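J.: Can you read through this structure? Questions will come right after.
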Amino acid sequence: MPIAKFEEIRSLPLFSGTRDESFRALVRGAYVQNFPPHTELAVEGEPADFLHIIVSGSIELFSQWQGRETSMSFLGANDTFILAATIKDRPYLMSARTLEKSRVILIPSEDIREVFENDAEFAKAIVIELATCYRQAIKSAKNIKLRASPERVANYLLKLRCKNGGADCFALPFEKRRIAEFLGMTPENLSRSFAMLKSKGVSVNGQEVHVEDIDTLTEFAHPNPLIDS
């Protein structure tokens, strides 16, 4: 596929410092594909054959065990998955599926590892990306272990408000069941948390959220840069 097809990712931090010949080597076996909603792109326990880069759409990373399933993360445009498995040539620890129509670039893992060995700037970018992912994982663990359910929900709503330009009215981006799993709680606990947050200036109607008192909500959530991105 012509290299011009991949110029949309050339400026991403993972590739911006890569030599031109290295970038050509990375995309020589790559391809771009559009996937419909609810398509499984990676399977937990399977070999990590590709590094996936999201051009548009959204992806859910999830895990299953003995009939149970939980959401691990939600990804959007310019995010990659799953880099650690690609670099270590190990099986995926999570599965991935599209939540909506998504455009994804797939780069063979063996090409990623080859350029990692030979291009110092690309290797540096890989280390920075993995370090960022590690810090996000630690923050997520602290959020679940140190906060009660309503506090987790409150901070999640503050992040959504920020992503929506500070608007006091916005929509939940995913179905409530998935949000509950991501926040480490049951759907029932999520509903109870929404009910409790009414006294903190939040009303939820279906997927619509209205923050009526941002100061009260922020005081209750007590966001912390050592936990919250």
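All of the numbers you see were taken from the coordinates with simple rules; none came from a lab. Owing to the predicted nature of the structure, the values given are computational and were not obtained by experimental measurement. When we count neighbours, we look across all protein chains shown, and the Cβ atoms used for this are built from the backbone with ideal geometry, even at glycine.
J.: Which one of these is among the acidic types (Asp, Glu), under 24 Å from Gln136 (Cα atoms) and under 21 Å from the mean Cα position of the chain (by Cα): Glu60, Glu8? Can you show your working first?
T.: On the way: Glu8 fails: under 24 Å from Gln136 (Cα atoms).
The unique qualifying residue is Glu60.
J.: Would you please list the contacts, defined by Cβ atoms under 7 Å and residues six or more apart or on different chains, that run from a residue in segment 176-200 that is of a type in the set (S, T, N, Q) to a residue that is assigned to a helix (DSSP H, G or I)?
T.: Correct list of pairs: Thr186/Ala180; Asn189/Ser149; Asn189/Ala180; Ser193/Ser149; Ser193/Pro150; Ser193/Val153.
J.: Just to be sure before I move on: is Thr98 farther than 17 Å from Leu183 by Cβ and surrounded by 16 or more Cβ atoms within 10 Å (Cβ to Cβ) in the structure I sent? Give the derivation first.
T.: Values: farther than 17 Å from Leu183 by Cβ: yes; surrounded by 16 or more Cβ atoms within 10 Å (Cβ to Cβ): yes.
Criteria met by Thr98.
J.: Moving on. Quick one: in segment 171-212, which of the residues that are acidic (Asp, Glu) and exposed (fewer than 14 other Cβ atoms within 10 Å of the Cβ) is nearest to Ala137 (Cα to Cα)? Let's see the steps before the verdict.
T.: Going residue by residue through segment 171-212, those that are acidic (Asp, Glu) are 175, 181, 188, 208, 212.
Applying the additional criterion that residues be exposed (fewer than 14 other Cβ atoms within 10 Å of the Cβ) yields 175, 188, 208, 212.
Working: Glu175: 22, Glu188: 25, Glu208: 28, Glu212: 31 Å.
Within segment 171-212, the match that is nearest to Ala137 (Cα to Cα) is Glu175.
J.: Filter segment 180-216 down to residues that are closer than 18 Å to Leu146 by Cα and not polar (S, T, N, Q) and give me whichever is nearest to the chain's Cα centre (by Cα).
T.: Keep residues of segment 180-216 that are closer than 18 Å to Leu146 by Cα, which gives 180-186, 189-190, 193.
Checking the rest, the ones that are also not polar (S, T, N, Q) come to 180-185, 190.
On the way: Ala180: 15, Glu181: 14, Phe182: 11, Leu183: 13, Gly184: 16, Met185: 18, Leu190: 20 Å.
Looking at the filtered set, the residue picked out is Phe182.
J.: Mind counting the residues in segment 116-139 that are in contact (Cβ under 8 Å) with a residue 24 or more places away in the chain and within 15 Å of the chain's Cα centre (by Cα)?
T.: First pass over segment 116-139, keeping only residues in contact (Cβ under 8 Å) with a residue 24 or more places away in the chain: 116, 118-119, 121-122, 124-126, 128-130, 133, 136, 139.
With the extra rule that they be within 15 Å of the chain's Cα centre (by Cα), the set shrinks to 129-130, 133, 136, 139.
So the count comes out to 5.
J.: Moving on. In segment 142-162, is there at least one residue being in contact with a strand residue (DSSP E or B) (Cβ under 7 Å, 6 or more places away or on another chain) and surrounded by fewer than 18 Cβ atoms within 10 Å (Cβ to Cβ)?
T.: Step one: of segment 142-162, the residues in contact with a strand residue (DSSP E or B) (Cβ under 7 Å, 6 or more places away or on another chain) are 157, 160-161.
Checking the rest, the ones that are also surrounded by fewer than 18 Cβ atoms within 10 Å (Cβ to Cβ) come to 160.
Yes - at least one qualifying residue is present in segment 142-162.
J.: Where in segment 121-229 are there helices (runs of 4 or more DSSP H), lying wholly inside it, with at least 1 residues that are within 22 Å of Ser63 (Cβ to Cβ)? Reasoning before the result, please.
T.: Numbers: elements: 149-163, 176-182, 187-196, 214-221.
In segment 121-229, 149-163, 176-182, 187-196 are the helices (runs of 4 or more DSSP H) which contain 1 or more residues that are within 22 Å of Ser63 (Cβ to Cβ).
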